[in-house]
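K.L.:
Just passing along the structure, written as structure tokens.
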Amino acid sequence: MEKTVKTTWINARIFDGDRELPELMALTIQDSLILNLIPMSQISKASFSTSSDTLIDLQGLLITPGLIDSHTHLVFAGNRANEFAARLEGKTYAEIATQGGGIMSTVKATREASEERLLALAQQRLNCFIAEGVTSIEIKSGYGLDVDSELKLLRVARKLAENNPIRIQTTLLGAHALPPEFKNAPDDYIDLVCETMIPQAADLGLADAVDVFCEGVGFTVAQCQKIYQAAAKHGLAIKAHTEQLSNLSGSQAAAEAGALSVDHIEYLDEQGIKAMAQHGTVATLLPGAFYILKETQKPPVALLRQYQVPMAIASDANPGTSPIMSLRLMLNMACTLFELTPNEALQGVTSNAAQALGLAQITGTIKPGMQADLCIWDTTTSAELSYSIGLPTLKQRIFAGK
Ligand code: NIG
Ligand code: FE
């Protein structure tokens with residue numbers, strides 16, 4: 001039998017995914033899992049030094065779960081700096097999209113790029129997240145919009161998981177925008193997504209979930225519902241971009257279809273929130289897109305609290321609305337732009353983000369039996385992670401015990 005390896009940190013300040021624990025703790029991991037978490041007042045140092053291979057005194061420094069980014073579009077080619085400039089001159093995101101820019105301009109560059117090129121570009125972006133303590137990340141397709149190109153993007157995402165110490169959940173976002181080949185036949189494109197893309201992605205084991213862009217510049221609620229049915233039929237989880245630019249009641253429809261999360265949700269109303277509460281759907285806030293688009297309509301945070309809908313915070317890293325390769329920055333933006341408390345923001349990138357990915361039984365919280373995905377920070381207070389941009393420094397990142 002292989003020898004197990006135990007590591008113990010003593011005098012650790014712990015944010016456990018839900019709150020900062022009042023007492024200093026001793027945390028022990030064994031191989032890839034968390035073994036136990038015990039208040040310092042209940043243990044003697046001697047007992048640990050004999051039972052652990054490594055014993056580290058943190059002297060009050062903070063340990064959090066490894067951070068989780070539950071919404072990114074990391075695999076694409078090209079950039080949209082020109083659209084950023086056009087928006088600064090007064091054009092809106094929707095106008096640019098209807099004039100053939102927006103998502104479609106990234107689709108063109110992405111279709112033309114080889115798998116190797118896409119992998120290299122996505123690796124650079126992923127490095128940013130790994131460096132700041134992210135141990136689980138979701139990656140969507142959505143810039144291919146034909147069967148081969150969408151599968152190509154998903155293969156790149158799976159390859160990234162093979163090559164890096166990080167857990168990657170992949171999401172098929174075939175219904176991100178209407179490709180030009182289907183200009184006057186959106187329902188035919190939805191059929192292609194439901195009858196070919198989803199079954200192939202599922203059969204090849206390339207997707208964990210399916211996502212849609214439910215919006216005036218995207219797809220209707222009825223079209224999205226067809227996609228939810230196809231996803232469910234193939235055993236894939238459901239996620240949705242809803243209520244970003246207008247209210248179509250897309251969040252309610254997604255919640256009723258059993259969606260893990262609905263994301264953006266600036267225009268979400270109380271009826272949608274009730275449906276989310278009833279079906280256990282997470283509200284994913286994307287402050288980076290709100291900031292870049294200079295939106296003024298804020299997500300209904302007070303109502304989400306009132307109905308106890310868990311809130312996740314994600315980067316939405318993408319070339320159009322959120323060219324931001326930082327989840328740490330989102331902690332600050334969720335507080336400054338959406339008035340989340342620092343504690344809520346941290347829940348949003350740990351326990352609630354895990355729930356938004358269907359990973360709540362595996363990661364996102366510090367308790368016995370969970371994966372040892374941890375970050376050790378050069379601070380003694382968890383609020384500093386949301387308060388400061390750039391500090392505190394990540395001292396150590398541990399993924400599955402390593
Ligand atoms: O999450 N809203 C739709 N999709 C992305 C933007 C994609 C793009 O503009 O390239 C988002 O904001
Ligand atoms: Fe997105």
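K.L.:
Output the number of residues of segment 291-304 satisfying the condition of being free of Cβ contacts under 8 Å to residues at least 60 places away in the same chain and touching a Ser or Thr at 6+ places or on another chain (Cβ under 9 Å).
P.N.:
Residues in segment 291-304 being free of Cβ contacts under 8 Å to residues at least 60 places away in the same chain and touching a Ser or Thr at 6+ places or on another chain (Cβ under 9 Å): 1 in total.
K.L.:
While we're looking at this one, here's another question. For segment 98-113, state whether one or more residues are away from ligand 2 (no atom under 16 Å from the Cβ), touching a Leu at 6+ places or on another chain (Cβ under 6 Å) and touching a residue at least 12 places away in the same chain (Cβ under 8 Å).
P.N.:
Checking segment 98-113: not a single residue is away from ligand 2 (no atom under 16 Å from the Cβ), touching a Leu at 6+ places or on another chain (Cβ under 6 Å) and touching a residue at least 12 places away in the same chain (Cβ under 8 Å).
K.L.:
Further question on the same structure: Taking the residues in segment 141-184 that are open to solvent by 30 Å² or more (accessible area, probe 1.4 Å) and under 20 Å from THR98 (Cβ atoms) as candidates, determine which candidate is nearest to ligand 2 (Cβ to nearest atom).
P.N.:
At the first step, the residues of segment 141-184 found to be open to solvent by 30 Å² or more (accessible area, probe 1.4 Å) are 146, 148, 155, 158-159, 161-163, 165, 167, 169, 178, 180-184.
Pick out the ones that are also under 20 Å from THR98 (Cβ atoms) and you get 178, 180-184.
On the way: LEU178: 17, PRO180: 21, GLU181: 23, PHE182: 21, LYS183: 23, ASN184: 26 Å.
Looking at the filtered set, the residue picked out is LEU178.
K.L.:
In addition: Which pairs do you get when a residue that is touching a residue at least 24 places away in the same chain (Cβ under 8 Å), found in segment 7-18, comes within reach of a residue that is of a type in the set (D, E, K, R) and outside any strand (DSSP E or B), reach meaning Cβ atoms under 9 angstrom, with the pair 6+ apart or on two chains?
P.N.:
The qualifying pairs are THR7/ASP53; THR8/ASP53; ILE10/LYS45; ILE14/GLU23; ASP16/LYS367; GLY17/LYS367.
K.L.:
Just for segment 63-115: of the residues that are in a loop (DSSP other than H, G, I, E, B) and of a type in the set (S, T, N, Q), which one is surrounded by the most Cβ atoms within 10 Å (Cβ to Cβ)? Show your work before the answer.
P.N.:
So in segment 63-115, the residues in a loop (DSSP other than H, G, I, E, B) come out as 66, 70-71, 73-80, 89-92, 99-102, 113-114.
From what's left, of a type in the set (S, T, N, Q): 70, 79, 92, 99, 114.
Details: SER70: 33, ASN79: 14, THR92: 13, GLN99: 11, SER114: 10.
My answer is SER70.
K.L.:
Next question. If I ask for residues that are part of a helix (DSSP H, G or I), open to solvent by less than 10 Å² (accessible area, probe 1.4 Å) and of a type outside the set (A, V, I, L, M), which ones from segment 339-358 would you list? Step through it out loud before you land on a result.
P.N.:
At the first step, the residues of segment 339-358 found to be part of a helix (DSSP H, G or I) are 342-348, 351-356.
Narrowing further to those that are open to solvent by less than 10 Å² (accessible area, probe 1.4 Å): 345-346, 348, 353-354, 356.
Once the filter is applied, which keeps residues that are part of a helix (DSSP H, G or I), open to solvent by less than 10 Å² (accessible area, probe 1.4 Å) and of a type outside the set (A, V, I, L, M), segment 339-358 yields only GLY348.
K.L.:
Considering only segment 251-304, state which residues are under 14 Å from ALA334 (Cβ atoms), more than 14 Å from ligand 1 (Cβ to nearest atom) and part of a helix (DSSP H, G or I).
P.N.:
VAL301, LEU304 - these are the residues of segment 251-304 that are under 14 Å from ALA334 (Cβ atoms), more than 14 Å from ligand 1 (Cβ to nearest atom) and part of a helix (DSSP H, G or I).
K.L.:
Is it the case that some residue within segment 359-368 is among the small types (Gly, Ala, Ser), open to solvent by less than 20 Å² (accessible area, probe 1.4 Å) and either at positive phi or within 16 Å of the chain's Cα centre (by Cα) (or both)? Please lay out each step first, then the result.
P.N.:
Here is the first cut: in segment 359-368, the ones among the small types (Gly, Ala, Ser) are 360, 364.
Within this subset, residues satisfying the condition of being open to solvent by less than 20 Å² (accessible area, probe 1.4 Å) are 364.
So of that shortlist, the ones also either at positive phi or within 16 Å of the chain's Cα centre (by Cα) (or both) come out as 364.
Scanning segment 359-368, I find at least one residue that is among the small types (Gly, Ala, Ser), open to solvent by less than 20 Å² (accessible area, probe 1.4 Å) and either at positive phi or within 16 Å of the chain's Cα centre (by Cα) (or both), so the answer is yes.
K.L.:
Another one. Looking only at segment 197-249, how many residues end up being assigned to a helix (DSSP H, G or I), touching a Leu at 6+ places or on another chain (Cβ under 6 Å) and buried (at least 20 other Cβ atoms within 10 Å of the Cβ)?
P.N.:
1
K.L.:
Hey, among the residues in segment 385-402 that are touching a residue at least 24 places away in the same chain (Cβ under 8 Å) and out of contact with any strand residue (DSSP E or B) (no Cβ under 8 Å at 6 or more places or on another chain), which one's surrounded by the most Cβ atoms within 10 Å (Cβ to Cβ)?
P.N.:
Looking at the filtered set, the residue picked out is SER386.
K.L.:
If we scan segment 165-186, do we find a residue that is of a type in the set (Gly, Ala, Ser), in a helix (DSSP H, G or I) and without any contact (Cβ under 8 Å) to a residue 40 or more places away in the chain? Talk me through it step by step, then tell me what you get.
P.N.:
Initial filter on segment 165-186 (of a type in the set (Gly, Ala, Ser)): 174-175, 177, 185.
When the remaining residues are screened for being in a helix (DSSP H, G or I), the result is none.
No, every residue in segment 165-186 fails to be of a type in the set (Gly, Ala, Ser), in a helix (DSSP H, G or I) and without any contact (Cβ under 8 Å) to a residue 40 or more places away in the chain.
The values are calculated or read from the model by the stated rules, or taken from the named source; none is laboratory data. Please read all numbers here as calculations on a predicted model, not as lab measurements. Positions of Cβ are backbone-derived with ideal geometry, glycine not excepted, and every protein chain shown enters the neighbour counts. These area figures cover heavy atoms from the full protein model, side chains too; ligands, DNA and RNA do not enter into them. Shrake-Rupley method; radii C 1.70, N 1.55, O 1.52, S 1.80 Å.
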